[in-house]
Structure formats: C-alpha cells, structure tokens
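Asks: Okay, handing you the structure first.
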Amino acid sequence: MSTLEGRADEALRRIGVHLDDPADGTLVARTPITGEEIGRLRPSTADEVDAALTSAHKAFQSWRSVPAPVRGGVVRQLGILLTQHKDDLAELVTLEAGKIPSEALGEVQEMIDICEFAVGLSRQLYGKTMASERPGHRLMETWHPLGVVGVISAFNFPVAVWSWNTAIALVCGDTVVWKPSEATPLTAIACDALLKRACIDVGADPEIHQLIQGPAAVGEQLVSDSRVALLSATGSVRMGRTVAPVVAARFGRVLLELGGNNGAIVAPSADLDLAVRGIVFSAAGTAGQRCTSLRRVIVHESIADELVRRIADAYGQLEVGDPFDDGVLVGPLINEASFTAMATAIDKARADGGEVVCGGDRVGDGESYYASPAIVRMPEQTSVVRDETFAPILYVLTYSTFDEAIELHNAVPQGLSSAIFTTDQREAESFLGPEGSDCGIANVNIGTSGAEIGGAFGGEKETGGGRESGSDAWQTYMRRATNTVNYSDQLPLAQGVDFG
Ligand code: NAD
C-alpha cells in the first residue's frame, strides 16, 4: 500500500469506515496529488439505486412527521461528529480533490457552520399569516416536507455542497439520496458514515440518508425517477443542460448550481494592495477549481499595467506542488483532461490576440497534473473568455468608462459571482444595483470566492438560478400550502362574489 493510500485508509478508519477493496471494483479513487490509486469500490447497480430510492421514500413517510426541532437533533449530532473528525475529513478532501489542507479544513468548517445554521433553522421554518379580506377568516401559509431530495455533487467541493443540501433537507423533513462525483468516492463514504452514526446516536432512522456511487449514468437514474421530489444538482453547465429537461418533463423540482465565469472590475480609485490580494486568492486558490474562482479581471486602462505587474509578481511567489508540503498554495488539477482544457484555452486565447503574461506551464510530470497559474491579457472578450475553463487562467480586459466595464462584465452566459474593487461609493452602489452586476453574488472590495454559509448561494443565467445554503434557501426544500380557515358562521366569497 502506498503512503497516500495508507493515509486515506487511516483517515477512513478513524472515521469508522473499513474499506475492503472489491476485486471487481471499477470505481477507482485516485489522488490528483500523484495520480495513484487510493481506493477501489464497486459502483452502485441500477437495482441498488432503485433500492436506495425505495428506502429513502419509505423513510420519508415517518421522517416528515418527526417535529422539526427533533429532526434538528440529527444535524446537531452530525455537526458534533464533523468537529471531532474535522482533520480526518479534511485529509480525505486533500487526498481526493487536491486542496491545500487549510482550504480543506475550511471546507469541513463550512459543513460545521451549515449544521449550526440548520439546527437553528429547525425552530424557524416560519410561515406567514396574512390579513384575510373576509370577516371571521384566517389566511396563512404553512410549510411541509417535500419528499426525497436527490443530491448530485461535483468533485471540487466534495463535502461542503453535500452538507449544504443535506443539513437543510433533513431539518425540512426530507430524506436524501446522494450521488457524489465519481472523482471523490472516499470522502462521500466518510460523510455517509458520520451521518449514519449521528442518526444512531440520537435514535433517528439511518435510512433517511442513502449514498449511491458511480459515474453520470448512476446519477441519471436519480434524475429520471419520479420519487425524487427535488433534484439538487451541482456541476457543469453541460450537466445541467442534460438533467434539467428530464426533471421538468416529470414536473419535478430542480435546484441547479452550475458553472460560473466570475469577473472583478478594478476601478481607478481601488486600493490596489487589497485588490491584488483578493484577486490572487480568488484566481489561483484551489488551483482555479472553484465554481466562484475569478476568471476575468476588467481593469481601468489607466491602472492596467500596474495591476497586471503586481498580480504577476504575486503569482511568481506562489508555490505550486504537493498540497501536503509546507508553503504550497496551489495544488494539482483534478486530472489530465483538466490540464488539456487549460492548455487548449490558452492556445485559443493566443490565437485571438491574447498575450500570456505568465504561467500556463505544466509543473512536474508523471500521472499528476500541476499547472502554474496563468495571466492572459486579452484585446477583447472572445469566446474562449466567455467559456468557463475549470483551471487557473485569469483573463485581463481593460475598460475606459464604468458603463463599458459593466457591459463587459455581464456579457458572459454565466452569472454566479462577481466583485468590484473601488473606493468610489457611486460605483460600488451602482455595481450592486439593478443595472450593475447580473450575478447571484456581487461583492465590493473582496474577491469572488469564499462565500459564507449565512447568505443564499447560487447564480443566474446558465449558472442555473438555484439557491442553497443560508438565508431562505430552505424554502426550495419544502412545499408551501396556503390555508384559509373560516371561524365564522357565514360563507362570504372572496372578491365579493355573490353566488345566491
Ligand atoms: P460535472 O458536471 O462533470 O459533474 C458533476 C456531477 O454531475 C458528477 O457527480 C457527475 O457524475 C454528475 N453528472 C454529470 N452528468 C450527469 C448526467 N447527465 N446525469 C446525472 N448526473 C450527471 O462537474 P465537475 O467536473 O465534477 O465539477 C466542476 C463543475 O461544477 C464546474 O463547471 C463548476 O463551476 C461547477 N460547480 C458549480 C458549483 C455551484 O455552486 N454553482 C459548485 C461546484 C462546482
């Protein structure tokens, strides 16, 4: 057993999972750190997916009647177990997704945070009471559990996105069937084990959560099954384009968290020290593999050269390599296809007149794929800039008027995260206003990545329009009923209708 496989095995054991690699396992867990195998599983069969759906559907029949604050007890216990196993889970995230330990720990902290949020929420699933237009009548809204929530998640946030969905779904009275990314099966097993243990600890039915594993085809079964009341799917726009019509055709509910193409405007009045720090973390952090990674800087022409020079200087100090090594800030790309996509995009940008300021080279060789983060100055926003390339390429465009900056910013098909660096209040407020950024997330003087769980998370346009995590995102996980109660001895009709 290699060192990294041993580390994965140890982390799983501390969580209470004993993996006995089946000889016929075709679902191979690989670490992008070296490209080597660190585990092997058997993907779920169609019958197993069906059985998982049946169990989740059956568990829902009683889970929905458990009082919401009692349901919160499971999530409270999950948060406690996540806190106890924070290091173990973060280790698995680094091994499977390649994040540096600090970011992996941050991802697990996000899980703990959403558990806290969801426990509080379990006592706050408020409905409104409205004034009825009829005397002796009460008008109100009540919120009820929805059913089985199917969760499909991406490789780059292998645990946080699951917890955003699951913590909220469970307090809302739903049960969950989860299909994680085929690139991160071990973290998924660990999360499932911790949740099952939380259920047992507090005397809840462990069948409220089901894990199915495997490639896209396994997810397709979840998408088309009418027992899945809500499909929450996180991944590429390509995936969303395939799954959304299938769910719509059966009148299911869908929550889409798809790709972004996040931009930051840097105005002449910006605090450049702060802008550079925000830009470098957002663009190069997580090796550019966050949905909220910064991909486009739109900078005023008067400061463009200076800003680019400063970002390039900072990039020169970024250490790329094994995320477990001290001082490394940029880990590996997930696989070879990812590096190929990066190289192809840079070639295309060059062909469109782009100037590569730095980066874009492969670092090291063998079965792993590390790349130096790239900065590419573009004469205009060509199609390669409008596409999301899931790798650390930062395109730089210039503007002369603020209106032009906003136009450039919004002229991409995606609408996830955005930022402006300015000390001009008019510009800042305009960016956040109705004619400003068209994204689901719009920030002032911070980068595009690193959202907190308290706010609703998601984006517009091809990002899919879904919202999850904090604020009132829970409403997507419940069904709303409007109730009118007549406590009078008359039967007045609404709108003054007289029916004899
Ligand atoms: P991906 O689309 O390749 O896969 C995501 C998940 O969808 C995987 O579990 C995959 O097996 C599944 N899948 C793919 N096709 C499917 C189909 N037809 N039916 C059912 N399931 C299917 O994405 P990825 O490479 O894992 O992740 C990177 C992408 O995810 C980027 O585009 C990134 O922006 C996006 N992302 C978005 C958010 C967000 O919140 N908006 C968060 C994380 C990642």
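Laboratory data are not the source of any read-out in this text; all were calculated from the coordinates shown. Just so you know, these numbers come straight off a predicted model, no measurement behind them. Here the Cβ positions follow ideal geometry from the backbone for every residue, glycine too, while neighbour counts run over all protein chains shown.
Asks: Mind listing the Cα extents of region 233-326 along all three principal axes, in Å, largest one first?
Replies: That works out to 54, 37, 16 Å along the principal axes.
Asks: Report the label-to-label distance for Thr26 and Asp47 in nanometres (one decimal), using points 7 Å from each Cα along the Cα→Cβ vector.
Replies: Output for this residue pair reads 1.6 nm.
Asks: Considering the dipole of the chain built from charges on the beta carbon (Lys and Arg +1, Asp and Glu -1) around the Cα centre, which of Ser122, Thr344, His137 is farthest to its positive end?
Replies: His137
Asks: Still on this structure, please answer the following. What net charge is computed for the residues neighbouring Leu256, neighbours being all others with C-beta under 14 Å from the C-beta of Leu256, Lys and Arg scored +1, Asp and Glu -1?
Replies: Once positives and negatives cancel, what remains is +1.
Asks: Cα gyration tensor of region 1-115, axes a ≥ b ≥ c as square roots of the eigenvalues: rounded (a/c below 1.5), prolate (a/b > b/c) or oblate?
Replies: Because a/c hits 1.5 or more and a/b fails to exceed b/c, region 1-115 counts as oblate.
Asks: Okay, next question. Around Val330, under 15 Å between beta carbons, what's the net of Lys plus Arg minus Asp minus Glu among the other residues?
Replies: -3
Asks: Hey, another quick one. Assuming R0 = 41 Å, what is the FRET efficiency of Val363 and Glu301, from their Cβ-Cβ distance, to the nearest 0.05?
Replies: Here the calculated transfer efficiency is 0.80.
Asks: Quick query: amide H of Gly39 versus all other amide H atoms, modeled in the peptide plane; which residues come in under 5 Å with a sequence gap of 5 or more or a different chain?
Replies: For Gly39, the qualifying residues are Ala29.
Asks: Count charges around Asp113 for me, please; just the other residues with Cβ under 11 Å from its Cβ, Lys/Arg as +1, Asp/Glu as -1.
Replies: With Lys, Arg at +1 and Asp, Glu at -1, the net is -4.
Asks: May I pose another question? What three numbers, in Å, describe the spread of the alpha carbons of region 59-179 along their principal axes, ordered from the longest?
Replies: 64, 23, 23
Asks: Helix by helix, which DSSP H runs in the chain go 24 Å or more along their axis at the Cα atoms and have an average Kyte-Doolittle hydropathy of -0.5 or more?
Replies: The qualifying helices are 46-63, 68-84, 101-121, 185-202.
Asks: Using the Kirkwood formula over every pair of different C-alpha atoms, what hydrodynamic radius in Å results for region 262-444?
Replies: It works out to 16.4 Å.
Asks: Here's another thing I want to ask about it. Over the Cα atoms of the chain, each weighted equally, I'd like the Debye log10 I(q)/I(0) at q = 0.08, 0.10, 0.11 Å⁻¹, rounded to two decimals.
Replies: Log10 of I(q)/I(0), two decimals: -0.52, -0.79, -0.93.
Asks: Debye calculation, C-alpha points only, no solvent: report log10 I(q)/I(0) for region 103-148 at q = 0.18, 0.21, 0.28 Å⁻¹, in the same order as the q values.
Replies: Cα-only, vacuum Debye calculation for region 103-148: -0.74, -0.83, -0.98.
Asks: What dipole magnitude, in Debye to the nearest 20, does the chain give about its Cα centre under +1 on Lys/Arg Cβ and -1 on Asp/Glu Cβ?
Replies: Taking the Cα centre of the chain as origin, the dipole is about 1620 debye.
Asks: Cut-off under 19 Å on the C-alpha distance; same-chain residues fewer than 8 positions from Lys99 excluded. Which lysines are left, in chain and number order?
Replies: Counting by Cα, and skipping residues close in sequence, Lys99 has these lysines nearby: Lys86.
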